[in-house]
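Here the structure comes first, spelled out in structure tokens, and everything after it is commentary.
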Amino acid sequence: MNKPLWTPDAERIREAPVEHFRHYVNDNVSAQFKSYADLHSWSVASPAEFWSIYWDFSGIVASNKGERVLLNADKMPGASWFPDARLNYAENLMQRNDDSDAIVFLSENGQQTTLSHRELGLKVASLSRSLRKRGVGIGDRVAGFVPNMAESIIAMLATASVGAVWSSCSPDFGLNGVLDRFGQIEPKVLFTADGYHYNGKTHDSLNLVSELTEQLPSVETVVVIDYIGEGALSGRAASIAASFNALAVDGSTDPLITEQLPFDHPLFIMFSSGTTGKPKCIVHGAGGTLIQHMKELQLHAGVKPDEKLFFFTTCGWMMWNWMVTGLACEATLLLYDGSPFYPDGNTLFNYAEKTGMHYFGTSAKFIDACNKAGITPATTHSLPQLKSILSTGSPLVPESFDYVYEKISPNVCLSSMSGGTDIISCFVLGNPTLPVMRGELQCIGMGMDVQAYGDDGKPLPVDEKGELVCVKPFPSMPVGFFNDDDGSRYHNAYFDRFDNVWCHGDYVSVSANAGMVIYGRSDAVLNPGGVRIGTAEIYRQVEQFDEVVESLVIGQSWENDVRVVLFVRLRDGLTLDDNLISRLQLFIRKNTTPRHVPARVVQVSDIPRTRSGKIVELAVRKVVHGESVDNVEALANPEALALFENRPELAS
């Protein structure tokens, strides 16, 4: 039986915001809920009541909440939340106006910035006025080609304050990758830093932005953030350029003016990874994003005022948007721009120690890489304030759970989280009042009626694998896709598989503890002999080998069936031999089933991944089968795809 790796003590439970919320609900509803399970059951049985009561508990600021909470509750898509509400996302993130820290920023090169809530407010107000003077208003798009730094947050908040729509991507994207995104949404203003730092090198952004501006005729102003202190714009970009510092410091101390907008007014345009074609432009509303993020940050992460929240992310990953909403919980945001392994794997733990970090957010890949690199913060760092480690991006393997508790800290709530850009939030995540079970995500999110469905569209019993679905509406469902006037692309993306049910595309099982295990993406599921196998089931075994740095598994069509092919990247200097292949195959067979055993194991020098660090099984499968990959600009290392072409090991 799976035993807890961590159990909260009575004080941790008593002080958790989710426990305060339980008492608040009991005081306001004719009920006596005694556990999270009770709360969750009520939240999905009475979603309108739950979200309305949480709104009041959270202190969301609005000129009008309205009496109506949920219309068309039986329609997905088609449900409408808080249809009479009027609010502004930026206003909710800027309620404090004191000298406590709002944002702390650290660059890889040692550059540091700290902004108080008062300073943040002045800069956002100034930039907001500057945007209005340039004609930016409700519904206009503003794009950020920016690093994860304080100025990026200021730009986003100023954009939201005037009712414009913010969209951003990481500055390590190539020209075509940026055009595939911003070209679809036609931004009026483009924010960029002059460059960025990564892995000990300084990278210029202004040459690319100069090219980009020539191909984005909608852009009327290019706002340049002085970061690396070098480079220059050219051509049209130079003629429409403005300095961020000039726009964000106009000398006035007038307060921020915010537009009061409908609950579903567009706030963010997020982009899908784009590995199978042009990225989808997913539009998220202000109210749904705000209330869902606050719920997750407060009730599931446990964030309280003045606590320090960190997530290692770029501005192209939804975890950046999620982290920034921490300002609405009055948290201090800790930002980092650069490589997490420069000069070595202790960099982020050094930052955690120096700042007294409470919440350390990162990817499952980073945790595995630290384990492989022998990083042991438990013996090299003092992290007494650290309360939780938040992990997402891909399934966290059981051995990574062991690593966290043995080598980082035995006292943290390890919250593995899963959701995505599609909902700009989570379906399954953590809870500081529940035990942490090895290899499991702790609980299904409050207000999220998440289940595992079989192919027949019916809920599966505990521990049976199926499709992750959500069977009732929730506020952070997309407003829609940009330029999808009839809603057909949006419908086909999530509601085509099961009528009136959100099908997310993850292959999962619900555990006996009411948590969840994720086995990988449904479209990457292997099917040898008609048996469905989640790729994570194989990764969990392979990653226990010290020789293997990372791996990727696909199903190769072979003799009217599918055979499992495992690609491995080994430690420097190692070569795959028959002995290692045999040990891998035997270990996988022993710990899974004969169907999981790869028919071929192939060494490669690199594994292709998206810019948010996710490996791209579908793209590799296409290459192996001689098919073209539509959008290599979506990849951080597209050159790695060539390593999988015409492999002689796969010809027989």
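The alpha carbons of the chain give a radius of gyration and a Dmax of 24.0, 73 Å, in that order.
Kirkwood hydrodynamic radius, segment 482-544, all distinct C-alpha pairs: what's the number in Å? Result for segment 482-544 stands at 14.0 Å. Value of Rg to Rh for segment 142-253, rounded to two decimals, is 0.94; Kirkwood radius and Rg both from alpha-carbon coordinates.
Compare Phe271, Phe311 by solvent-accessible area with a 1.4 Å probe and give them largest first, with all protein chains kept in place. Please report the intermediate quantities before stating the final value.
Values: Phe271 25, Phe311 0 Å².
Output order, biggest surface exposure first: Phe271, Phe311.
Evaluate the charge dipole of the chain about its Cα centre and quote only its size in Debye, nearest 20, assuming +1 on the Cβ of each Lys and Arg and -1 on the Cβ of each Asp and Glu.
Details: 54 positive and 77 negative charges, 108 e Å.
Dipole of the chain, to the nearest 20 debye: 520 debye.
At the residue level, Glu214 shows approximately 100 square angstrom of accessible surface with a 1.4 angstrom probe and all protein chains present.
Once you reduce segment 78-105 and segment 180-214 to the center of their Cα atoms, the two points are 28 Å from each other. With each label point set 7 Å from Cα along the Cα-Cβ vector, what nm distance links Asn109 and Asn26? It works out to 5.6 nm between the two label points. Per-atom-type breakdown for the chain gives carbon and sulfur 46% of the accessible area (1.4 Å probe, protein chains only). Along the axis of the charge dipole computed for the chain (Cβ charges of +1 for Lys and Arg, -1 for Asp and Glu, origin at the Cα centre), the listed residues Leu460, Asn411, Ile228 are led at the positive end by Leu460.
DSSP finds beta bridges in the chain, and of those with both partners inside it, around 60 percent are antiparallel.
Here segment 401-528 is treated as an ellipsoid with the same Cα gyration tensor; its semi-axes, largest first and in whole Å, are 28, 17, 13. The 1.4 Å probe gives accessible areas that order Thr379, Thr421, Thr202, Thr192, largest first, as Thr379, Thr202, Thr421, Thr192. Of all beta bridges that DSSP places with both ends in segment 502-647, some 80 percent have antiparallel geometry. Per residue, the accessible area of the chain comes to 37 Å² when a 1.4 Å probe rolls over the protein heavy atoms. Whole-percent P(r), segment 329-463, all Cα pairs, 5 Å bins from 0: 2, 9, 18, 22, 20, 14, 7, 4, 3, 1, 0. Here is the P(r) of segment 271-378: all C-alpha pair distances, binned every 5 Å from 0, give 2, 11, 19, 20, 18, 15, 10, 5, 1 in whole percents. Contact order normalised by length for segment 298-430, with contacts defined as Cα pairs under 8 Å and 6 or more residues apart; what percent is it? Taking the mean separation of contacting Cα pairs over the length of segment 298-430, I get 23 percent. Taking all protein chains together and rolling a 1.4 Å probe, Tyr507 ends up with roughly 10 Å² accessible. Extending 7 Å from the Cα toward the beta-carbon at both Ser628 and Leu586 defines two label points whose distance is 4.6 nm. Relative contact order of segment 357-453: 24 percent, from C-alpha pairs under 8 Å at least 6 residues apart in sequence. The sum of -39500 (n - 2.57) across all DSSP H runs of n ≥ 4, divided by the residue count of the chain, sets its helix-only mean residue ellipticity at 222 nm to -8000 deg cm²/dmol. Here the calculated FRET efficiency for Gln95 and Ala242, from their Cβ-Cβ distance with R0 = 35 Å, stands at 0.75, rounded to the nearest 0.05.
Karplus-derived 3J(HN,Hα) values for segment 614-621, using 6.51 cos²θ - 1.76 cosθ + 1.60 with θ = phi - 60°, are 8, 5, 10, 4, 5, 5, 5, 4 Hz; glycine and proline are entered as x. Using heavy atoms of the protein chains and a probe of 1.4 Å, the accessible area assigned to Asp606 is about 40 Å². Residue by residue, segment 555-563 carries 3J(HN,Hα) couplings of x, 9, 5, 7, 6, 6, 8, 10, 10 Hz when phi is fed to the Karplus relation 6.51 cos²θ - 1.76 cosθ + 1.60 (θ = phi - 60°); x denotes Gly or Pro.
Rounded, prolate or oblate: which fits segment 368-420 when a ≥ b ≥ c are the square roots of the eigenvalues of the alpha-carbon gyration tensor, with rounded for a/c under 1.5 and prolate only if a/b beats b/c? Oblate, because a/c is 1.5 or more while a/b does not exceed b/c. Panel values: segment 53-150, Kirkwood radius from alpha carbon pairs, Stokes-Einstein at 4 °C and 1.567 mPa s, translational diffusion coefficient 77 µm²/s. In this structure the amide hydrogen of Gly316, modeled in the peptide plane, comes within under 5 Å of the amide hydrogens of Ser170, none closer than 5 places in sequence on its chain. Could you please state, rounded to a whole Å, how far the C-alpha centre of segment 282-308 is from the C-alpha centre of segment 1-55? Segment 282-308 and segment 1-55 have Cα centres separated by 16 Å.
Straight-line cross-link partners of Lys295 among the lysines, defined as a Cα under 24 Å from its Cα and at least 8 positions apart when in the same chain: Lys34, Lys65, Lys75, Lys304, Lys308, Lys387, Lys472.
Given +1 at the Cβ of Lys and Arg, -1 at the Cβ of Asp and Glu and no other charges, the dipole of segment 1-82 around its Cα centre is 180 debye to the nearest 20.
Note: relative contact order over the chain, using C-alpha pairs below 8 Å and six or more positions apart, is 13 percent.
For segment 565-618, what is the Kirkwood hydrodynamic radius in Å, using each pair of distinct C-alpha atoms?
Hydrodynamic radius (Kirkwood, Cα only) of segment 565-618 equals 12.5 Å.
Using bins of 5 Å that start at zero, the share of Cα-Cα pairs per bin across segment 1-119 amounts to 2, 8, 12, 13, 13, 15, 12, 12, 8, 3, 1, 0, in whole %.
The values are calculated or read from the model by the stated rules, or taken from the named source; none is laboratory data. Quick caveat: nothing in here was measured; it's all calculated off a predicted structure. Quick reminder, even Gly has a Cβ in these numbers, built from the backbone with ideal geometry, and neighbours come from all protein chains shown. In case anyone asks, the SASA skips ligands and DNA or RNA and just uses the protein heavy atoms, side chains included. Shrake-Rupley method; radii C 1.70, N 1.55, O 1.52, S 1.80 Å.
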